[in-house]
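Student: Please see the structure below; I have some questions.
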């Protein structure tokens, strides 16, 4: 019971805040043309589902996020393993990947628009570019921090290189690679939604852009809330996946 | 982090070779004619565009506006983050009640809040400041809260045995002991605030670096756009790396990963 108390209090505070907001708007303290009534926001949800095809938009955004994240996983793990395999290459290129990870690539979205046109491909490429560096860095870290004693065990059992890789190196590096994948999917989702909003194309991000341009305030607020909830569920799912994977190891 | 070692051990040569290889590949791609020459311009055109940006007076005017927005954003979002972070770090109950929300809201894309900020603060610089402030609030609050919890209990006992007042505890014990997480929060906050301000400028604005990028895009002035992107991405990356170095030196701790 006492363990559940603080989170329950947190939820209660948020609900209380929304009720206060409702009262403040009805009393005219907060301008209804800036913040619509929370009840109106809730009421606009069925309309969003029916008229704005929220379900299909979910599909588009998730599809783009998954494509970018998985592409980053495949390319990033391959690059990371290659860099780990040739130490000279690693020393030459790893700092540049660290720089890439620190660089706000999404700012270059007009450039990607020119390169790939105003299409889903542009969104996927930007998300992929932002998600790649963490996978590369985490893959290198995963293989570089394997305990030497594990490799010694492999040697003493006279494993072939393929066996060593399949039975020792890969399983030992996997948790760290999954951290990379988790980061990649988070970065991909942020960039996909952000770019959809900025270029007014595609799934959930476009919904917000369109509704705000139509000055549909309850709809805009509701759709922003929806996107936040979807992102939170997505992060929770990834957290759960990582914990599940770590428990199995 | 291995990267840090590589940066300090004087491995300039391999990194230099790497950048030469990357540039050579770019030049080959530009000259091959596989992509439109305007879209992937050869290096000399990029240098011309970059220098063109640096010598144009309106670049500095717009840079000043973006920096002013960024400073206001960091001041507002940073102060709010500091206060909230201190409260969350000090109270175990508050931390359990509210910190998960911060953790989950933190990585959601902030730019989608921009329409609301336009309604509240107008289409001018204020809405960009608000965008940056909202962006940097989360990483700063989270780092500060973690920093408060990481303060060595011995230091707190020393403070209490000297009967330090709350403000003395804050200024003489907590803040000096939290330099590393504070710098780390500043680093993360600066990065996301810059992104927030610039993206907001590209969406709706008449001034600032983001506006200049959009303007170059609409005129299809590719060398100028590349020049602007190199400058803005470069600023972000350099500040990030400098603050990371400072944080590591201040704390001799591993950098927090996000």
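Student: Dividing the alpha-carbon Rg of the stretch A:51-166 by 2.2 N^0.38 Å yields what?
Tutor: 1.40
Student: What would the Debye formula give as log10 I(q)/I(0) at q = 0.10, 0.23 Å⁻¹ for the alpha-carbon point model of the stretch A:131-249, no solvent?
Tutor: Log-scaled intensity ratios, in q order: -0.48, -1.19.
Student: Mind pulling the angle between the C-alpha long axis of helix B:125-150 and the longest principal axis of chain B? Nearest 10 degrees, somewhere in 0 to 90.
Tutor: Orientation of helix B:125-150: about 40 degrees from the principal axis.
Student: Taking the number of other C-beta atoms within 10 Å as the exposure measure, put A:3, B:187, A:88 in order starting with the fewest.
Tutor: Fewest to most other Cβ atoms nearby, the residues stand as A:3, A:88, B:187.
Student: In addition: Against the longest alpha carbon principal axis of chain B, how many degrees, from 0 to 90 and to the nearest 10, is the axis of helix B:209-218 turned?
Tutor: For helix B:209-218, the angle is close to 30 degrees.
Student: Follow-up. So, R0 is 56 Å and r is the distance between the beta-carbons of residue B:169 and residue B:48; what FRET efficiency does that work out to, to 0.05?
Tutor: Once the sixth-power term is evaluated, E becomes 0.45.
Student: So, one more: What whole-number value in cubic angstrom gives the convex hull volume per residue for the C-alpha atoms of the stretch B:1-132?
Tutor: 228
Student: May I pose another question? Can you give the FRET efficiency for residue B:75 and residue A:213, using 1/(1 + (r/R0)^6), R0 = 25 Å, r = Cβ-Cβ distance, to the nearest 0.05?
Tutor: Numbers: r = 31 Å, r/R0 = 1.24.
My answer for the efficiency is 0.20.
Student: Right, here's the next one. Rank B:50, B:162, B:190 by mean-square fluctuation in a GNM of chain B with C-alpha springs under 10 angstrom and give only the top-ranked residue.
Tutor: Of B:50, B:162, B:190, the Gaussian network model singles out B:162 as fluctuating most.
Student: Working from Cα positions, state the angle (0 to 90°, nearest 10) between the long axis of helix A:38-51 and the longest principal axis of chain A.
Tutor: 70
Student: Given labels modelled 7 Å from the Cα in the Cβ direction, how far is it in nm from residue B:206 to residue A:247?
Tutor: Result for the modelled spin labels: 5.8 nm.
Student: Label residue A:18 and residue B:239 with points 7 Å out from Cα along Cα→Cβ: what is the distance between them in nm?
Tutor: For the pair residue A:18/residue B:239, the computed spacing is 3.6 nm.
Student: Give me the log10 of I(q) over I(0) for chain A at q = 0.15, 0.17 Å⁻¹, as the Debye formula computes it from C-alpha points; what are the numbers?
Tutor: Per q value, in the given order, log10 I(q)/I(0) is -1.09, -1.23.
Student: Which order do B:172, B:203 fall in if you start with the one that has the fewest other Cβ atoms within 10 Å?
Tutor: Lowest to highest Cβ neighbour count: B:172, B:203.
Student: Once you order the gyration tensor axes a ≥ b ≥ c over the Cα atoms, which shape class does the protein assembly as shown get: rounded for a/c under 1.5, otherwise prolate or oblate by comparing a/b with b/c?
Tutor: Rounded.
Student: For a quick check: sort A:155, B:245 by the number of other beta carbons within 10 angstrom, fewest at the front. Intermediate results must be reported in sequence, preceding the final value.
Tutor: Numbers: A:155 10, B:245 16.
Lowest count first: A:155, B:245.
Student: Using label points projected 7 Å from each Cα along Cα→Cβ, tell me how many nm separate residue A:27 and residue B:17, to one decimal.
Tutor: Spacing of the two 7 Å Cα→Cβ label points: 7.2 nm.
Student: Let me ask something additional. For residue B:101 and residue B:24 in one chain, what is 0.36 nm times their gap in residues minus the Cα-Cα distance, to one decimal in nm?
Tutor: 23.0 nm
Student: Work out how much length residue A:70 to residue A:86 would gain on full extension: take 0.36 nm times their residue separation and subtract the Cα-Cα distance, in nm to one decimal. Don't jump to the answer; show the numbers that get you there.
Tutor: Values: separation 16, 0.36 × 16 = 5.76 nm, distance 2.43 nm.
Stretched out fully, the residue A:70 to residue A:86 stretch lengthens by 3.3 nm.
Student: Given contacts defined as C-alpha pairs under 8 Å and at least six residues apart, what's the relative contact order of chain B, whole-number percent? Don't jump to the answer; show the numbers that get you there.
Tutor: Details: 301 pairs, mean separation 65.4, N = 258.
Value for chain B: 25 percent.
Student: Oh, and also: Based on the Cβ-Cβ distance of residue A:39 and residue B:91, what FRET efficiency does E = 1/(1 + (r/R0)^6) give at R0 = 35 Å, to the nearest 0.05?
Tutor: 0.60
Student: Can you classify the stretch B:56-251 as rounded, prolate or oblate using the Cα gyration tensor, where a ≥ b ≥ c are the square roots of its eigenvalues, rounded means a/c under 1.5, and otherwise it's prolate if a/b beats b/c and oblate if not? Show your work: numbers first, answer last.
Tutor: Numbers: a/c = 2.80, a/b = 2.03, b/c = 1.38.
It comes out prolate by the Cα gyration axes.
Bear in mind these aren't lab numbers, they're just calculated from the coordinates by the rules spelled out. All values reported here derive from a predicted model rather than from experimental measurement. Positions of Cβ are generated from backbone atoms using ideal geometry, with glycine treated the same way; all protein chains shown enter the neighbour counts.
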